[in-house]
1. Taking Arg14 as meeting all but one of (1) surrounded by 16 or more Cβ atoms within 10 Å (Cβ to Cβ); (2) without any contact (Cβ under 8 Å) to a residue 60 or more places away in the chain; (3) assigned by TED's automatic domain parsing to the domain that holds Gly261, write down the number of the exception.
2. Please go through segment 166-178 and pick out each residue that is surrounded by fewer than 24 Cβ atoms within 10 Å (Cβ to Cβ), touching a residue at least 24 places away in the same chain (Cβ under 8 Å) and part of a loop (DSSP other than H, G, I, E, B).
3. Out of segment 668-693, which residues are exposed (fewer than 15 other Cβ atoms within 10 Å of the Cβ), within 30 Å of Lys570 (Cα to Cα) and at pLDDT below 80?
4. Only one of Ile207, Ile197 is under 46 Å from the mean Cα position of the chain (by Cα) and farther than 23 Å from Val300 by Cβ; which?
5. Can you pull out every residue in segment 348-365 that is closer than 23 Å to Pro25 by Cα, in a loop (DSSP other than H, G, I, E, B) and under 32 Å from the mean Cα position of the chain (by Cα)?
6. Restricting to segment 179-195, count the residues that are part of a loop (DSSP other than H, G, I, E, B), closer than 14 Å to Ala283 by Cβ and not charged (D, E, K, R).
7. Kindly evaluate Glu294 against the criterion of being among the acidic types (Asp, Glu) and under 30 Å from Val67 (Cα atoms).
8. Can you name the residue in segment 302-313 that is part of a loop (DSSP other than H, G, I, E, B) and at negative phi and, of all such residues, is surrounded by the fewest Cβ atoms within 10 Å (Cβ to Cβ)?
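The values are calculated or read from the model by the stated rules, or taken from the named source; none is laboratory data. Everything quoted here is computed from the prediction, not taken from an experiment. So basically every Cβ, Gly included, is an ideal-geometry build from the backbone, and we count neighbours across all protein chains shown.
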Amino acid sequence: MASERARDKARELRPNDFPGGIHPPENKLQSTGEPIGSIPLAEDLVVPLLQHTGTTALPLVALGEYVMKGQKIAEADGLISSPVHAPSSGKVMAIEPAPVLHPSGMPADCITIRTDGEEHWCALEPCENFREREPVELLEKIRDCGVAGLGGAGFPTAVKLDPHGGSEIDTLIINGTECEPYITADDMLMRERAAEIIAGVEILAYILDEPERVLIGIEDNKPEAIEAMREAAEETRFDIVVFPTKYPSGGEKQLIQILTGREVPNKGLPGNIGIICQNVGTARAVYRAVRFGEPLISRVTTVVGEALERQRNIEVPIGTPVKHILKQHGKHTGLMQKVIIGGPMMGYTIDDERAPVVKTTNCILVPTKKELPPAPPAKACIRCGFCAEVCPASLLPQQLYWYARAEDREKLQAYNLFDCIECGACSYVCPSTIPLVQYYRAAKGDIRIAEQEKEKSDRARERFEFRKLRLEKAEKEKEAKRKARREAAEQARRQREQDADSPEARSASQESDVVAAALARVKAKQASPEQQLARAKRSLTSAENRVERMQKKLAEAAEEQRDQLAAQLKSAELKLEEARQKLAQAEQQASAAPSPSAPAGPEAQEDPPGEKSRAQGAIEKAKAAAAARAQMSDADKLAADIEALKARVAKAGARLEKARAEGDSNVDAFATALEKMQKKLEQKQREQSGEPE
């Protein structure tokens, strides 16, 4: 009687339809001929850290560490993330990038476990009665067990069951459609594990505060699964809704429209209209996680294709390499065309069979070239409009195709590109065999990259503007401080001017005058010709002593040190010559400079009588010579300069001969000085005779 009531209730629920859709060959009988099986455990399990929508999990284990089956080996990183658990016991052999199942073909971070074959479980926390727990506790349990959607992109289940924004959920939908050709994983799961699925649905309904309706949607091409699910749900209020087979009725938005007649708004989520949708495999995983504390470490996967000796469904540990699975099913390398992950409509090919099964791997398809021949080359669009007729999202695929080719991102978004579920129906019916979905996927990727770049640019601009404002504020504060200091200094100056006639001000002025006079005397004394002459003599003495020391060292040095010492000696000789030249200049300045008059005041000191008389005589002599020269004509001045130069040349020649006789090391310097004076004398003589220079 209960079964008849369930059938009557199912008949009362009239499913709706969605626009478009196609009816490709189902090819589901190949893998439903035997029960869900298993295969021997692989030697190495490669567990990716990202098997879900969101951010990559963070490793919790170290290289060489022994892990147990079900042990958490990576922790969720943020809200939209999911932890990862060890599918079997063994030793961690690597934590590094490895091939994974992804359309890009790029490697990703993985943890490789060398299995020991013992299957030692870690400690689990079962729950006999989930109704004794709060929904929040159950959500945390589901999250901690790493349960993610098994029928789509792998969205973390705990996040999906906890809708934000205050949406009231009145309908829970369980997706048992499985409309993709070849795939029968959910079909076999409903046939053999219906009780566990219904138990998981009860937990989901409890967490969602018992929504008004719980609908389990199944296509009418699965009679055995429908019967098994009806029997399991006899004692519940859940409705088993059967509807006609049409691809892609398994899409979330399409299934919602079929079962409820509601449409999910553009860029919206089912939660916005009060609906939560979960897969039958996810419901079973929730049950196992809550009832037995088992994390999601295995899933039912369809292994099918005429290039295999055996086609069936298996429950396979997460991380099992595809190569190992195909080997256990007798892959014929010569017959197979390629390896497809997923079905022929929405699946993608892989090149590296070492890639492992992940939580979202529902099918491994290995067709022959005859079974699934390669697509012929694309031809020009003939504008037939078939793609628009079959689009389940009521889009305009032809227009999206042109805009994708033109990279017109604004038009693509205006025509709701992101409402495309990439079901492949448009590509399937295209008479020109244009790979439309590939264009849409590439366009979506370009738009996402552009949006990310724009977001980065906006953040950078905000940081720059904030920094600019901060610097402007700091500059204004500095200017205000400078202005305050200027005003304070001006005020202090005025105050000093007002107090200038006070005794304290006069005393300070006298002290500053005394100090200034003393500094002037010191400066004048340091700059006097006598002081310069004394410094020049000291410099010459020091340079001569250095040359003597270097000559002595060079004479006593070993052969390997002679070159270095010779270079140092040459440098010292050059400095000596420079000191002599400075001394000569100082002597000339001292002889030509008049003696300063004695300063007035009590601080002045008189020179000794002898020095005073000699200085006075030199001054008088210089004055007389200057007066006599002032009265000379230009010719007389030139003749006097020639006579003076002749005397200097004679003196320099005598000094050179003396240096040569004594073997002086400065012979070259003396010769150079004599040569310069001779040239100067010759020039003066030419001027006197009127010869051209």
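1. Only one criterion is unmet by Arg14, namely (1).
2. Hits for segment 166-178 are Ser167, Glu168, Ile169, Asp170.
3. Scanning segment 668-693 gives a single hit, Asp668.
4. Working: Ile197 fails: farther than 23 Å from Val300 by Cβ.
Exactly one of Ile207, Ile197 is under 46 Å from the mean Cα position of the chain (by Cα) and farther than 23 Å from Val300 by Cβ, namely Ile207.
5. Residue satisfying the conditions is Thr361 alone.
6. So in segment 179-195, the residues part of a loop (DSSP other than H, G, I, E, B) come out as 179-184, 193.
Okay, now just the ones that are also closer than 14 Å to Ala283 by Cβ, so 193.
Still in the running and not charged (D, E, K, R): none.
Result for segment 179-195: 0.
7. On the way: among the acidic types (Asp, Glu): yes; under 30 Å from Val67 (Cα atoms): yes.
In short, yes.
8. So the first thing to find is which residues in segment 302-313 are part of a loop (DSSP other than H, G, I, E, B), and the list is 305-307, 309-311.
Among the residues that remain, those that are also at negative phi are: 306-307, 309-311.
Details: Glu306: 19, Ala307: 25, Glu309: 10, Arg310: 15, Gln311: 23.
Step by step, filter segment 302-313, then rank; the result is Glu309.
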